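Participant: Sharing a structure here in structure tokens format.
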Protein chains: 2
Amino acid sequence: MKHSFAIGIDIGGTNTDLGLVRSDGSCLGYNSFRTSDFVRTNDYIDRLCSAITDLLNSNGNPAINGIGIGAPNGNYLTGSIGEAPNLPVLSNLPIKEILERRIGTTVAVSNDANAAAVGEMVYGGAKALQDFVTITLGTGVGSGIVIDRRLLLGTTGDAGEIGHSILVPEGRICSCGRQGCLEEYASARGICKTFVELRNAKGYLNGMLNSISDERLSPKMIAEAAQQGDELSIETYEKTGYYLGLACANVVAYLAPQKIFLMGGPTQAGSLLMNPTQQSFEKHLLSIYKGHVQIELTHLKANDAAILGAAALLEC
Amino acid sequence: MKHSFAIGIDIGGTNTDLGLVRSDGSCLGYNSFRTSDFVRTNDYIDRLCSAITDLLNSNGNPAINGIGIGAPNGNYLTGSIGEAPNLPVLSNLPIKEILERRIGTTVAVSNDANAAAVGEMVYGGAKALQDFVTITLGTGVGSGIVIDRRLLLGTTGDAGEIGHSILVPEGRICSCGRQGCLEEYASARGICKTFVELRNAKGYLNGMLNSISDERLSPKMIAEAAQQGDELSIETYEKTGYYLGLACANVVAYLAPQKIFLMGGPTQAGSLLMNPTQQSFEKHLLSIYKGHVQIELTHLKANDAAILGAAALLEC
């Protein structure tokens, strides 16, 4: 029997966030604890189980369809979290199997970017779409590909790593050890790198961010400076949009989706990022696709998006 | 009722080739005429219908499942050939509807690269695969994406234009009017361009192809010179493999298929092309995919591949 509730869990390197999600996409209750407090896997699992129980208890113990989990390197096919260099306590953890045994309900696991795509499908702007792609800009660049309303998993369960498609051959060194990945141009880190490159190439001029060292820069800081007219900052977002729009045009050449949704922290720069992205997209789009594919911002609220995405995994 | 035979038709700018295909992938009979002899669409259609009838008559008039057609810009969703600048006589032609009325059998249409993918699935090396990609090197670079044994069509019916993904931002001018498409690096034209670039940059040295003007070069000529030790020619195939391997690594980051099949004229260079492609692929592949995805040459014989692909469209 299908119930009206599910639990969504977003596991991050700093925090683990839980939410009780109703089938209309509203969050009825939240719980949260620090992932980084734990060094032993068993302790983490114990804490996670008590957080789930507390969340249910404090909301009248509704029957739930199950628990969806979004985690770095979470794999839908295996139900495990894979190698997670930044999350040793969770690395190679068969979390689906463990939680199903401990809680006695269905558990679905995926990486956070895939969960975001499913969240968009179940609760967001893709409710009525068959084929779409989501690209999440954050510490890295994640993505999820949905074809015929099914999440594309590929042979390994790891399809949809568009952030690690190579956009610029022999380009910037990426955290993955290769060069030129989209991630190095469109993630928070990529945006800061672009700013630093411009600042080094053009000199500091009268830049508003002159006093900020390379290490302390953030996309938010650069966006605020751009909104106040700082030239290097404006140019930074123009270049970021150039790369992102080009990547979106490539997405269309592969998949011809109906829409591409962008989400994540840097998209909060709004038109500062979206206008040059759109321009670059139009410029780089193969003519047969013109007018058929739109780029949009996610319809999910930033605060709930990760939890909704996780909960939506149960609908996969 | 399912019969043992189908007709496959490969429509090219020069020739229209027909074959009677048995369900085991053998071709029992052929027919052919020159596409380029025709300037009026009705005349072309009349000739095509008589070629179909002749092919059936000369093979004992077996019952057939239908007719599959591979044509430039053929669209499976619409059943039409789209804008075809090199084939004005066929441009914007609803060929499925017309032939179904004239011949009284099921007709399926697609572009030649998508047909090649379906051919690999039904008759070739992908009989037992769920997810794979084919890349056809020729005048251009075409591709077909198969997911869960279904051809990926996308919202427009035109998904899988990997040849027009941008590999080198602001790179070589492409025939599509944009810059840096894979096609300009891995098609027959792209291979010749690489040779010319190298020759211009390095000087003619003692090159075996010194007496051949840029316009008269062909991938076959360059492959033969490379096999005899010509340095510029060897380097040309190394660079081609570099680009092609990088593109294949990107294919995996998107789709994580089980295999990528390469086909088309330039692949007849064999290890000259495949070795550097494989090296570049390994170098550029994200670590999570290593060991999971293979690049292979097509299992279909070059002469029959296009006809088999067309016939296989009926199994889509």
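The values are calculated or read from the model by the stated rules, or taken from the named source; none is laboratory data. Because the structure is predicted, anything quoted here is derived from the model rather than measured. FYI the Cβ positions are ideal-geometry reconstructions off the backbone, even for glycines, and counts take in every protein chain you see. Protein only, heavy atoms only, side chains kept; ligands, DNA and RNA dropped before computing areas. Shrake-Rupley method; radii C 1.70, N 1.55, O 1.52, S 1.80 Å.
Participant: If you place +1 on the Cβ of every Lys and Arg and -1 on the Cβ of every Asp and Glu, how big does the dipole about the Cα centre of the stretch A:186-268 come out, in debye to the nearest 20?
Facilitator: 240 debye
Participant: Taking only DSSP H segments of four or more residues, each worth -39500 (n - 2.57), what value at 222 nm results for chain B once the sum is divided by all its residues, to the nearest 500 deg cm²/dmol? Let's see the in-between values first.
Facilitator: Working: 9 runs with 116 residues, N = 316.
Theoretical 222 nm ellipticity from helices: -11500 deg cm²/dmol.
Participant: Then there's this: Using Cα centres only, tell me the gap between the stretch B:202-233 and the stretch B:37-66 in whole Å.
Facilitator: A separation of 43 Å, based on Cα centres.
Participant: Can you grab the distance from the C-alpha centre of the stretch B:95-162 to the C-alpha centre of the stretch A:95-155, Å, no decimals?
Facilitator: 28 Å
Participant: Quote the total accessible area buried by chains A and B together, excluding ligands, DNA and RNA, probe 1.4 Å, nearest 100 Å². Kindly include the intermediate steps, with their values, before the conclusion.
Facilitator: Details: alone 14320 and 14310 Å², together 25140 Å².
Approximately 3500 Å², summed over both chains.
Participant: Quick one: which residues, 5+ away or cross-chain, put their amide H under 5 Å from the amide H of residue B:159? H built at 1.01 Å from N.
Facilitator: B:154
Participant: Would you be so kind as to identify which of B:86, B:309, B:180 lies farthest towards the positive end of the dipole of the protein assembly as shown, taking Lys and Arg as +1 and Asp and Glu as -1 on Cβ and the Cα centre as origin?
Facilitator: Projecting each Cα onto the dipole axis, the largest value belongs to B:309.
Participant: Kindly flag which residue pairs out of A:259/A:283; A:127/B:127; A:283/B:259 have an alpha-carbon separation exceeding 25 Å in this structure. Write down the numbers at each step before the final one.
Facilitator: Numbers: A:259/A:283 17 Å; A:127/B:127 34 Å; A:283/B:259 32 Å.
Those over the limit are A:127/B:127; A:283/B:259.
Participant: Give me the distance in nm between label points sitting 7 Å out from Cα along the Cα-to-Cβ direction at residue B:196 and residue B:275, one decimal.
Facilitator: 2.8 nm
Participant: Please give the average number of partner chain Cβ atoms lying within 10 Å of the Cβ of each residue in B:143-156, rounded to a whole number. If you can, show how the numbers build up before the last one.
Facilitator: On the way: counts 2, 0, 4, 0, 9, 5, 0, 2, 0, 7, 4, 13, 13, 9.
Mean inter-chain Cβ contacts per residue within 10 Å come to 5.
Participant: If you place +1 on the Cβ of every Lys and Arg, -1 on the Cβ of every Asp and Glu, and leave all else neutral, what size is the dipole of the stretch A:55-153 about its Cα centre, to the nearest 20 Debye? Mind dumping the intermediate values first?
Facilitator: Details: 6 positive and 7 negative charges, 44 e Å.
Charge dipole, the stretch A:55-153, about its Cα centre: 220 debye, nearest 20.
Participant: Oh, and also: Could you check how much of the accessible area of the stretch A:1-69 is carbon and sulfur, as a whole percent, using a 1.4 Å probe?
Facilitator: C and S fraction of accessible area: 45 percent.
Participant: So which GluC sites (Glu not before Pro) in the stretch A:48-121 pass both tests, a DSSP loop state and at most 15 other Cβ atoms within 10 Å of the Cβ? Please list the in-between numbers first.
Facilitator: Numbers: sites: A:83, A:97, A:100, A:120; in loops: A:83.
Sites meeting the loop and neighbour criteria: A:83.
Participant: Right, next: Quote the FRET efficiency, to the nearest 0.05, computed for residue A:218 versus residue A:170 with a Förster distance R0 of 25 Å and r equal to the Cβ-Cβ distance. Write out the running numbers ahead of the final one.
Facilitator: On the way: r = 27 Å, r/R0 = 1.10.
Plugging the Cβ-Cβ distance into 1/(1 + (r/R0)^6) gives 0.35.
Participant: Could you derive backbone 3J(HN,Hα) for the stretch A:60-76 from the dihedral phi with the Karplus parameters 6.51, -1.76 and 1.60 (θ = phi - 60°), listing whole Hz in sequence and x where the residue is Gly or Pro?
Facilitator: x, 6, x, 5, 10, 6, x, 10, x, 10, x, 8, x, 6, x, 10, 4
Participant: Quote the FRET efficiency, to the nearest 0.05, computed for residue B:23 versus residue B:268 with a Förster distance R0 of 35 Å and r equal to the Cβ-Cβ distance. Intermediate results must be reported in sequence, preceding the final value.
Facilitator: Numbers: r = 28 Å, r/R0 = 0.80.
Between residue B:23 and residue B:268 the formula returns 0.80.
Participant: Relative contact order (percent) for chain A, with alpha-carbon contacts under 8 angstrom and 6 or more residues of separation? Intermediate values should be presented prior to the final figure.
Facilitator: On the way: 652 pairs, mean separation 62.0, N = 316.
Over chain A, the number comes to 20 percent.
Participant: Treating only the Cβ of Lys, Arg, Asp and Glu as charged (+1, +1, -1, -1), what charge dipole size does the protein assembly as shown show about its Cα centre? Round to the nearest 20 debye. Don't skip to the end; give the middle numbers.
Facilitator: On the way: 48 positive and 62 negative charges, 91 e Å.
So the dipole magnitude of the protein assembly as shown works out to roughly 440 debye.
Participant: In square angstrom, what is the accessible area per residue of the protein assembly as shown with a 1.4 angstrom probe? Don't skip to the end; give the middle numbers.
Facilitator: Values: 25140 Å² over 632 residues.
Per residue, the protein assembly as shown has an accessible area of 40 Å².
Participant: How far apart, in nanometres, would the label points at residue B:36 and residue B:130 be if each is projected 7 angstrom from Cα along the Cα-to-Cβ direction?
Facilitator: For residue B:36 paired with residue B:130, the spin-label model returns 4.6 nm.
Participant: One-quarter of the Cα convex hull surface for the protein assembly as shown, in nm²? Provide the component values of the computation, followed by the final result.
Facilitator: On the way: hull surface 128.7 nm².
One quarter of the hull surface, i.e. the mean projection, equals 32.2 nm².
Participant: Moving on to the next point. GNM on chain B, C-alpha springs below 10 Å: top fluctuator among B:126, B:226, B:115?
Facilitator: B:226
Participant: Return the lysines within reach of residue A:202: Cα separation strictly under 25 angstrom, same-chain partners fewer than 8 residues apart disregarded; answer none if there are no such residues.
Facilitator: The reachable lysines, counting only those whose Cα sits under 25 Å from residue A:202, are A:193, A:220, A:239.
Participant: Additional query: What residue among B:60, B:152, B:118 has its Cα farthest toward the positive end of the dipole of the stretch B:21-167, where the charges are +1 on Lys, Arg and -1 on Asp, Glu, each on the Cβ?
Facilitator: Final value for the positive-end residue is B:60.
Participant: Which positions within the stretch B:230-259 get 30 Å² or more of their accessible surface covered by the other protein chains, compared to the chain by itself, with a 1.4 angstrom probe?
Facilitator: B:242, B:246, B:250, B:253, B:254, B:255, B:256
Participant: Moving to a separate point now. Comparing B:247, B:201, B:159, which has the greatest mean-square fluctuation in the GNM of chain B with Cα pairs linked when under 10 Å apart?
Facilitator: Result: B:201 has the largest fluctuation of those listed.
Participant: Could you sort the peptides B:161-168, A:215-222, B:262-269, A:252-259 by per-residue average Cβ neighbour count (10 Å cutoff), highest mean leading?
Facilitator: Details: B:161-168: 26.0, A:215-222: 17.6, B:262-269: 22.0, A:252-259: 24.5.
Ranking, from highest mean packing down: B:161-168, A:252-259, B:262-269, A:215-222.
Participant: Additional query: Under the rule of at least 5 residues apart or a separate chain, name every residue whose amide H is placed under 5 Å from the amide H of residue A:5.
Facilitator: A:65
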